[in-house]
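Chemist: Below is the structure I would like to discuss, written out as structure tokens.
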Amino acid sequence: MNSEQKQLIKATIPILQSSGAILTDYFYKRMFEHNPELKSVFNMGNQANGKQKHALAGAVLAYASHIDNPSVLIDILKGIGNKHVSLNIQAQDYAIVGKHLIASIQEVLGDVATPELVEAWTTAYNELAKIMIDIEAGFYLKNTQTTGAWNGWRSFVIKDIVNESEEIKSFYLYPSDGKEIVSYTAGQYISVQFFVEQLGLLQPRQYSLSTAFNPEYYRISVKRENAISEQPEGMVSNTLHQLNVGDTVNVSAPAGNFYLQDDKAPIVLISGGVGITPLLSMLETNEKNTKNKTVWVHGCRNNAVHAFKDSVATIEKESDWLETYIFNENPDENTEHKIIKGRVDLKKCKEAILLENARYYLCGPAPFIKAHYETLIEFDVDKANIFYEEFGPQSVSLN
């Protein structure tokens, strides 16, 4: 890409800032109209609620803003690449996306989309696609070289289902072929794909692995998303909650760049709601291995929706390296667990979490992550020691 083309890309930044979501909304509608088979690749729930179009708009804006040096986005791109591999996205799929993205720029921007601008964005997209294809090729290659790993989808059977709270169920997934499964690093996820009758489509979702690695099975713990106000119930999570022992689902190999660092540093695990799942895997892995000093901070609405409370309490009781702080918005007076009333407030456990060279792991919805990330920065925690995972399309970019 030459300097003139980069200037043209940067000149579109104000348009992307003001109307990026309009462009991406149009793009998705156009692509699904011409390539409806892609509906089984994309999360159609996030299409309906608008999260995906805003996430893509933010990504396009970030790329335009860093067009002089896109390498600064490499960590974000690796995160996207992990998700693409878990969905079995292939190099040829980028051509389809590029075709509809460039056509959308022309059709939405009209006369503003001069031939020179269209050529600049075509070149920019092709360069980004090349970066992504190369990143993902590395992940695919690693899967072919790792014992127990695979590319694409593999059938797994549900052999056990456990109620962890009023909203969360754990599913124990065993490979249907009985062959070996690949290990993972605590904090990573798998994609799970199954048919959703209400949509008439196969739908994939990413779910964090919620326990330390066991060579026999993968465990995911899924919250049933109920209807709230104008927000409809989650069709995919409710469909999964209706599956039975003996049913099969398609599963991708573990992926993700949010994981427990392999060192002796203290660990601070901060979660909200179902964000507990990857952090529980980290906690259990630490218990099995290094037993680093750990502070567990978790928040949820009440005792009834508090998953894994007994498991964490047992670990704390049997260890001298774990300290817990549990926040409930509406605590149950009869609970056996020590509870702090209200939402998670790191100021109430500041002394406990400010450990020398500690690694901080945040997981939950975007507002939760942003709020507690900012609090940690106020506490003078080094950004390099803060790691986070946002469930759903990535909209948080803090480091």
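Chemist: Right, THR239: at pLDDT 95 or above and touching a strand residue (DSSP E or B) at 6+ places or on another chain (Cβ under 9 Å) or not?
Modeler: Against the criterion (at pLDDT 95 or above and touching a strand residue (DSSP E or B) at 6+ places or on another chain (Cβ under 9 Å)), THR239 does not qualify.
Chemist: Also: Starting from the range 359-384, keep only residues that are under 25 Å from ASN286 (Cα atoms), then list their pairs with residues that are of a type in the set (Ser, Thr, Tyr) and buried (at least 17 other Cβ atoms within 10 Å of the Cβ) whose Cβ atoms are within a distance under 6 Å, requiring at least 6 positions of separation or different chains.
Modeler: Listed pairs, sorted by first residue: LEU362/TYR388; CYS363/SER271; GLY364/SER271; ILE369/TYR388; LEU376/TYR360.
Chemist: For the range 195-214, which positions are part of a strand (DSSP E or B) and closer than 24 Å to GLU389 by Cα?
Modeler: Answer for the range 195-214, where residues must be part of a strand (DSSP E or B) and closer than 24 Å to GLU389 by Cα: GLN203, PRO204, ARG205, GLN206, TYR207, SER208, LEU209, ASN214.
Chemist: Would you point out which residue out of LEU77, LEU73 is closer than 20 Å to ILE135 by Cα and either acidic (Asp, Glu) or touching a residue at least 40 places away in the same chain (Cβ under 8 Å) (or both)?
Modeler: The conditions single out LEU77.
Chemist: Just need a number here: residues in the range 277-336 that are of a type in the set (Ser, Thr, Tyr) and over 25 Å from the mean Cα position of the chain (by Cα).
Modeler: 4
Chemist: How many residues, within the range 1-18, are part of a helix (DSSP H, G or I) and crowded, with 16+ Cβ neighbours inside 10 Å?
Modeler: Of the residues in the range 1-18, 6 are part of a helix (DSSP H, G or I) and crowded, with 16+ Cβ neighbours inside 10 Å.
Chemist: Of everything in the range 125-145, what is within 23 Å of the chain's Cα centre (by Cα) and among the polar types (S, T, N, Q)? Give them in sequence order.
Modeler: Selection gives ASN143 alone.
Chemist: Testing LYS83 on (1) touching a residue at least 12 places away in the same chain (Cβ under 8 Å); (2) in contact with a helix residue (DSSP H, G or I) (Cβ under 8 Å, 6 or more places away or on another chain), one condition comes back false. Which one is that?
Modeler: So LYS83 meets the others, but not (2).
Chemist: Continuing with this model, one more query. Could you please find all residues in the range 155-188 being over 19 Å from the mean Cα position of the chain (by Cα), buried (at least 21 other Cβ atoms within 10 Å of the Cβ) and of a type in the set (Phe, Trp, Tyr)?
Modeler: PHE156 - this is the single residue of the range 155-188 that is over 19 Å from the mean Cα position of the chain (by Cα), buried (at least 21 other Cβ atoms within 10 Å of the Cβ) and of a type in the set (Phe, Trp, Tyr).
Chemist: Please name all residue pairs, on different chains or six or more residues apart, with Cβ atoms under 8 Å, provided the first residue is in the range 36-57 and is outside the structural domain of ARG224 (by TED's automatic domain parsing) and within 23 Å of LEU16 (Cβ to Cβ) and the second residue is basic (Lys, Arg) and part of a helix (DSSP H, G or I).
Modeler: So the pair list comes out as GLN47/LYS53.
The values are calculated or read from the model by the stated rules, or taken from the named source; none is laboratory data. These figures come from a predicted structure and were not determined experimentally. Note that each Cβ is placed from the backbone with ideal geometry, even for glycine, and that neighbours are counted across all protein chains shown.
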